[in-house]
Amino acid sequence: MDTNQYLEVFIDESTEHLQSCNENLLALEQNPHDLSIVNEIFRNAHTLKGMSATMGFEDLADLTHKMENVLDAIRNEKIEVSPEILDVVFESIDHLEAMIGDISEGGDGKRNVVETVEKLKRIENGEAINGTNEKALVDDITETIKISATSLNYDDFERTIIEQSHEQGFETYEIAISLRDDCLLKAARVFMVFEVLEKNGDVIKSVPAVEQLEAEQFDTDFSIAFVTKEDITVVEKLLGKVSEVEKVVIQKLNSEVTHEVESLVVASTAKSVEVEVPVQTTTKAVPDSTAKQVEKPTKTAHATSKTIRVNIERLDILMNLFEELVIDRGRLQSIAAELNHNELNESVERMSRVSSDLQNIILNMRMVPVETVFNRFPKMVRQLSRDLNKKVKLDIIGAETELDRTVIDEIGDPLVHLIRNSLDHGVESPEIRLAAGKPEEGHVELRAYHSGNHVFIEIEDDGAGINKERVLSKALEKGVVTPEIASKLTDNQINELILASGFSTAEVLSDISGRGVGLDVVKSTIESLGGNITIESEEGKGSLFSVQLPLTLSIISVMLIEIEQETYAIPLSSIIETSIIRKSDIMNAHNQKVIDFRGKVVPLVFLEEIFEVPRNDNEEDDFHSIVIVRKGDKMAGLVVDSFIGQQEIVLKSLGNYLTNVFAISGATILGNGQVALIIDCNSLIK
């Protein structure tokens with residue numbers, strides 16, 4: 001069988017199963033006696049094992065099988081859950097994730113896992129537990145079949161059909177289907193099961209009835225009487241491929257008076273287990289196909305899958321094409337304004353409305369929940385806590401908050417560094433916490449939420465906070481600030497010194513944090529995304545790191561402004577308001593020109609000086625046009641010549657030759673074909 005066509009689906013589903021294992025293992029550690037959690041982990045591992053074997057990744061399937069044996073021993077109460085056992089299971093998951101990563105990059109999924117396998121075997125306690133577990137599994141299957149075997153009762157007409165079918169060379173099977181507990185579209189799965197069966201034979205009875213199955217008026221189990229001349233193992237394999245089908249029990253009805261039932265069990269895509277179970281019945285039920293056919297459930301609206309998987313590269317291409325469309329739209333608007341042609345204006349306005357709707361759809365398609373990044377942190381915090389001998393609880397809030405995929409791709413590593421920093425430098429050891437009157441378990445909260453055109457991601461801990469004296473002395477020692485500047489710094493400015501390049505207060509370098517790198521990498525990455533980071537801290541109480549990010553990076557709304565004959569763009573997300581002031585209102589404070597803006601002293605930044613724009617004449621005006629912008633709680637007034645208006649533009653990079661241009665984050669092409677530089681307000685606010 002050519003499995004390449006299924007490779008992408010295999011990678012996606014395997015990743016989901018492993019993530020589910022991680023989440024449930026963390027839950028199991030908190031509730032070690034909750035066997036329902038163990039069953040959930042076992043089910044994920046079992047499905048992954050079957051999928052891996054089907055795809056031909058034997059190393060992956062073998063490791064999963066060894067891990068599955070340990071989980072089976074736990075759920076059958078042969079061994080008890082302990083942190084040490086969970087460490088080994090987590091280690092196995094790490095290997096499996098690495099294998100899947102290798103496969104996704106074109107590798108064969110092979111990896112040296114001998115040491116981990118040996119640990120799993122030792123936990124499993126050799127063949128003794130293994131044998132007991134297999135017996136328990138067979139007992140479970142036998143019990144299921146005993147229940148299922150008597151689930152169908154036939155009336156006289158149905159018995160006649162079965163007998164006549166048998167005479168014509170058909171066989172009759174009773175098929176018991178169990179769907180997963182979390183199956184969302186049960187009617188759709190039932191339809192798929194019927195479709196498989198009716199391509200290979202006839203359905204003569206279902207319990208519950210078809211109408212109830214269509215209306216999803218059943219829990220997770222249903223049974224079917226099926227007649228066919230096909231090899232039942234082929235049907236078994238096809239049913240095993242129907243997604244969200246957890247278990248299939250196939251029972252052959254023999255013509256002998258004893259009516260022994262030959263049972264085939266298939267769970268998901270795993271290999272089948274064969275068991276024979278005697279069934280006590282007085283019904284002379286024999287298979288065949290002059291069958292009264294049971295109508296297949298129809299494809300109702302609610303039974304249709306609403307989602308498809310799309311390669312992200314296609315979305316990137318779509319976004320690039322739309323960006324060109326936005327540029328052409330601006331050009332058309334400019335031409336229409338010049339010609340002042342009514343019909344042309346109407347067409348351009350309609351095109352603008354339609355393209356705006358299209359833009360919203362495309363941007364929404366690219367939005368991804370931050371959950372995809374947050375998912376890795378509970379496991380990471382658990383491991384770090386054990387490495388540091390600390391007790392830390394991580395709470396995640398707002399994981400459903402969405403960000404553009406390009407931002408999601410970049411934000412993972414900075415957040416990892418911030419969380420590591422909170423655990424290493426922030427949260428104290430249990431002994432120190434108890435001595436300070438705190439609970440011995442530290443608390444770290446990771447939250448995300450929308451605010452305007454931004455997403456805020458905050459990491460808050462109840463640890464020791466930032467020791468400002470220590471930070472200041474280290475900053476002076478490293479030459480980050482001068483003694484004169486240090487004497488004037490506010491508390492928040494001192495906190496933000498830890499973001500300086502090369503700054504670290506760690507006495508001992510470790511693999512966790514404090515490797516002499518500090519948080520400057522975090523700051524530069526976040527600012528390269530058009531965001532910023534702020535720090536609030538109270539010594540002895542804890543710290544709050546707040547990261548502000550734009551929703552998307554490619555198409556943004558800007559205010560176009562003019563300086564002499566040059567056009568610049570200021571992102572609307574940074575603007576508070578625009579204003580016109582008298583020159584007489586400008587004051588001087590600490591050699592800086594400032595204005596009084598609603599009771600706050602706001603410094604002025606003259607863009608013509610920043611960008612060295614040449615002046616054609618020396619005409620003086622009594623007024624200045626200013627744009628009030630902000631970065632966190634800081635503000636500045638950008639002095640410009642005039643306002644052109646608001647526009648949506650496509651953000652283009654300046655290329656490799658123009659990197660690190662001060663106060664410029666990119667450029668855009670305007671409707672008249674001119675290039676406008678996009679101002680980076682964060683660089684202008686100090």
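The values are calculated or read from the model by the stated rules, or taken from the named source; none is laboratory data. These numbers come from a predicted model, not from an experiment. Here Cβ is always computed from backbone atoms with ideal geometry, including for glycine, and neighbour counts include all displayed protein chains.
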Is it the case, given these coordinates, that Ala636 is assigned to a strand (DSSP E or B) and out of contact with any helix residue (DSSP H, G or I) (no Cβ under 7 Å at 6 or more places or on another chain)?
no
Per the filter on the range 214-244, residues over 16 Å from Glu174 (Cβ atoms) and of a type in the set (A, V, I, L, M, F, W, C) are Ala215, Phe218, Val234, Leu238, Val242
Listed by first then second residue, the pairs whose first member lies in the range 66-86 and is within 25 Å of Ala53 (Cα to Cα), whose partner is of a type in the set (Phe, Trp, Tyr), with beta carbons under 7 Å and at least 6 positions apart or on separate chains, are Glu68/Phe42; Leu71/Phe42; Asp72/Phe42; Arg75/Phe42
When (1) within 29 Å of His425 (Cα to Cα); (2) in contact with an Asp or Glu (Cβ under 7 Å, 6 or more places away or on another chain); (3) surrounded by 16 or more Cβ atoms within 10 Å (Cβ to Cβ) are applied to Val368, the one that fails is (1)
### Query
Yes or no: Ser92 small (Gly, Ala, Ser) and over 21 Å from Leu179 (Cβ atoms)?
yes
Check your understanding: Would you say Glu236 is assigned to a loop (DSSP other than H, G, I, E, B), out of contact with any helix residue (DSSP H, G or I) (no Cβ under 6 Å at 6 or more places or on another chain) and over 17 Å from Cys183 (Cβ atoms)?
Key -> no
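Here is a yes/no grid of residues against (1) more than 28 Å from Leu446 (Cα to Cα); (2) surrounded by 19 or more Cβ atoms within 10 Å (Cβ to Cβ); (3) touching a residue at least 24 places away in the same chain (Cβ under 8 Å); (4) of a type in the set (Phe, Trp, Tyr):
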position	(1), (2), (3), (4)
Val522	no, yes, yes, no
Glu538	no, no, yes, no
Leu544	no, no, yes, no
Ile556	no, yes, yes, no
Thr578	yes, no, yes, no
Lys583	yes, no, yes, no
Lys593	yes, no, no, no
Lys600	yes, no, yes, no
His624	yes, yes, yes, no
When the range 602-614 is checked residue by residue, the ones that are of a type outside the set (Phe, Trp, Tyr), outside any helix (DSSP H, G or I) and either surrounded by 10 or more Cβ atoms within 10 Å (Cβ to Cβ) or at pLDDT 90 or above (or both) are Val602, Pro603, Leu604, Val605, Val613
